Amino acid sequence: MKEIRFLMQTKDRLSFPFSRSSAIIAGFGFFLLYAPIAALVWGSFVPGVLISGSGASGGLTLEWYRRLFADPAILEAFEVSWVVGFWSTLGATFLGTSAALALSWGHFPGKKAFSILTYVPLVLPEIVLGLALLTWFVLLNLTLGLVSVILAHITFSTSYVLMTVKTRLDGFDGALLEAARDLGASPWQSFWRVTFPLILPGITSGALMAFTLSFDDFLITYFTAGSGSDTLPLKIYSMIKFGVTPEINALSTLMVAVTWVAVSLFFGPMRRRGSTLT
């Protein structure tokens, strides 16, 4: 017993410097990550154009939020981003989930080549993909607008959904489907009652990732957008040409808040479920 206690104390003494260094490095990393976000949030409440160089005087204010909600151009761009994000997420989730099921369980010629090609949108530079999509839409004689932006976003976000769902399917126990079939379930019943609930977390994660990528995409949208299809990133880009105003800070703060709430609602139950299982 004394030897075991001695070994544990020795291990603690040896690991202490490393744990302290790791904590310092992690703290510095979190500071670099969240300090700009904190400055952005603070800049949305100060009564002065912080980034342009004028000092803030007086107390905090909600004036910039009032101006934000009174700006029809920003609200229109926000609505366009939500419409594009919704439809592109819906299309990418359907295509990505279907492709993941085909690659995991299907048998067809060219399966290996198709599996490799699914990684191309993940590593291809956005400027190349945007230019390729623009050229393709011109060849199809498709007028650039809301439809072209949605199709472009489906193109690059489908691979992300495919990867998350396929990862979930790789750990799937096929014996569950065999048990369902032995109990008299049809193929569709076994899919909806066994397969779908088990891969739903992967589908949800892929859908959230697809929506996030669509909502904040700029480069591909810049190549494929037409008249009346300016998304929020394009609108912000046009505004910062004349300087970053606190209205943009207020808009970014609201986006951070929505993202935080969405992540909390999604990952909170998963963490509680995991702690319950352990």
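The values are calculated or read from the model by the stated rules, or taken from the named source; none is laboratory data. Please read all numbers here as calculations on a predicted model, not as lab measurements. Note that we place each Cβ from the backbone using ideal geometry, even for glycine, and neighbour counts take in every protein chain shown. Accessible surface is based on the protein model in full, side chains and every heavy atom, while ligands, DNA and RNA are left aside. Shrake-Rupley method; radii C 1.70, N 1.55, O 1.52, S 1.80 Å.
Here are some notes:
- Test: residue in region 93-100 that is open to solvent by 70 Å² or more (accessible area, probe 1.4 Å) and at negative phi: yes
- Checked against (1) part of a helix (DSSP H, G or I); (2) within 25 Å of residue 146 (Cα to Cα); (3) open to solvent by 70 Å² or more (accessible area, probe 1.4 Å); (4) modelled with pLDDT under 85, residue 255 meets all criteria but (3).
- Qualifying residues in region 184-210 (those that are open to solvent by 50 Å² or more (accessible area, probe 1.4 Å) and of a type outside the set (A, V, I, L, M)) - the one nearest to residue 163 (Cα to Cα): 196
- Pick from region 140-149, criterion within 13 Å of residue 83 (Cα to Cα) and surrounded by fewer than 22 Cβ atoms within 10 Å (Cβ to Cβ), ranking: farthest from the chain's Cα centre (by Cα): 145
- Condition check for residue 15: surrounded by 10 or more Cβ atoms within 10 Å (Cβ to Cβ), modelled with pLDDT of 70 or more and not β-branched (Val, Ile, Thr): no
- Taking region 59-156 and the helices (runs of 4 or more DSSP H) fully enclosed by it, the elements with 2 or more residues that are among the small types (Gly, Ala, Ser) and modelled with pLDDT of 85 or more are at 72-105, 126-139.
- Members of region 121-139 that are touching a residue at least 12 places away in the same chain (Cβ under 8 Å) and either open to solvent by less than 50 Å² (accessible area, probe 1.4 Å) or of a type in the set (Val, Ile, Thr) (or both): 121, 127, 129, 130, 133, 134, 137
- When residues of region 159-182 are limited to those that are part of a loop (DSSP other than H, G, I, E, B) and at pLDDT 70 or above, the one least open to solvent (accessible area, probe 1.4 Å): 172
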